[in-house]
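Notes follow once the structure below has been shown.
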């Protein structure tokens, strides 16, 4: 693996994990009033487009890291919806 791929994977992994603390906070507190639905929608759209772009370029680091980000943010969106009125 070349250095640029390692840097790309590291950047993608840290980006993907950036929402994990928010998800953990929602799960612990069972409330999500501070999470913007619009922010999640815009973020999920952008991440999904990155996955499409990665598929078009056949770039696995982009596909995998952004695919994981989409999954994590979908889970976050689910729990935001579940706990939004608490």
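The values are calculated or read from the model by the stated rules, or taken from the named source; none is laboratory data. Predicted model, so just to flag it, every value in this text is computed and none were measured. For neighbour counting, all protein chains shown are included, and Cβ atoms are generated from backbone atoms with ideal geometry for every residue, glycine included.
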For this session: Might you let me know whether segment 13-27 holds any residue that is assigned to a helix (DSSP H, G or I), modelled with pLDDT under 90, more than 14 Å from the chain's Cα centre (by Cα) and loosely packed, with under 15 Cβ neighbours inside 10 Å?
Result: no
For this session: Residues being modelled with pLDDT under 95 and either assigned to a helix (DSSP H, G or I) or surrounded by 17 or more Cβ atoms within 10 Å (Cβ to Cβ) (or both): count how many of those fall in segment 55-65.
Result: 6
Exercise. With respect to the numbered conditions (1) surrounded by 13 or more Cβ atoms within 10 Å (Cβ to Cβ); (2) touching a residue at least 24 places away in the same chain (Cβ under 8 Å); (3) assigned to a helix (DSSP H, G or I), which one is the sole condition not fulfilled by residue 5?
Worked result: (1)
For this session: Check off (1) surrounded by 12 or more Cβ atoms within 10 Å (Cβ to Cβ); (2) more than 30 Å from residue 2 (Cα to Cα); (3) at pLDDT 95 or above for residue 82 and give me the number that stays unchecked.
Result: (3)
Exercise. Being within 15 Å of residue 64 (Cα to Cα) and either surrounded by fewer than 16 Cβ atoms within 10 Å (Cβ to Cβ) or modelled with pLDDT of 90 or more (or both), is that true of even one residue in segment 34-44?
Worked result: yes
